[in-house]
Amino acid sequence: MRQKTGSSQVACYTYIDPEQEENSFFVVKTTNKVIQVSFSEITYNPSNFSSLIEGLYKAIYE
């Protein structure tokens, strides 16, 4: 996320539930807010990690 946003103030935490994907989520902390994004809100290719990060970026910034 830091590479995509250009900000060194971005921190990203992930909770992955291997049995129920709908319980998995990201918590993204920026300089002025904390955002939680469920995997179910992201469009991504499950076999491609960079696709997951791209989907997270789009869910937050677009």
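Listed by first and then second residue, the pairs linking a residue in region 33-62 that is farther than 13 Å from Glu21 by Cβ to a residue that is open to solvent by less than 30 Å² (accessible area, probe 1.4 Å) and of a type in the set (Lys, Arg), with Cβ atoms under 8 Å apart and 6 or more places separating them unless they lie on different chains, form an empty list. Inspection of region 25-36 identifies at least one residue that is in contact with a strand residue (DSSP E or B) (Cβ under 9 Å, 6 or more places away or on another chain) and among the basic types (Lys, Arg). When residues in region 11-24 are screened for being among the β-branched types (Val, Ile, Thr) and in contact with a strand residue (DSSP E or B) (Cβ under 8 Å, 6 or more places away or on another chain), 1 of them pass.
Yes/no matrix, rows are residues, columns are (1) modelled with pLDDT under 85; (2) assigned to a helix (DSSP H, G or I); (3) on the phi < 0 side of the Ramachandran plot; (4) among the aliphatic types (A, V, I, L, M):
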| site | (1), (2), (3), (4) |
| --- | --- |
| Lys4 | yes, yes, yes, no |
| Thr14 | no, no, yes, no |
| Pro18 | no, no, yes, no |
| Asn32 | no, no, yes, no |
| Ile35 | no, no, yes, yes |
| Ser50 | no, yes, yes, no |
| Ile53 | no, yes, yes, yes |
| Tyr57 | no, yes, yes, no |
| Ile60 | no, yes, yes, yes |
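Of all residues in region 29-47, those satisfying the criterion of being in contact with a helix residue (DSSP H, G or I) (Cβ under 9 Å, 6 or more places away or on another chain) and more than 16 Å from Val10 (Cβ to Cβ) are Ser38, Phe39, Ser40, Glu41, Ile42, Thr43, Tyr44, Asn45, Pro46.
Rundown of residues vs (1) basic (Lys, Arg); (2) open to solvent by less than 70 Å² (accessible area, probe 1.4 Å), yes/no style:
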residue	(1), (2)
Cys12	no, yes
Ser24	no, yes
Lys29	yes, no
Val34	no, no
Ser38	no, yes
Glu41	no, no
Ser51	no, yes
Lys58	yes, no
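The values are calculated or read from the model by the stated rules, or taken from the named source; none is laboratory data. Remember, predicted model here, so these are calculated numbers, not experimental data. Neighbour counts run over all protein chains shown; Cβ positions are idealised from the backbone, glycine included. Each accessible area value is taken on the protein alone, full model and side chains, heavy atoms only, with ligands, DNA and RNA left out. Shrake-Rupley method; radii C 1.70, N 1.55, O 1.52, S 1.80 Å.
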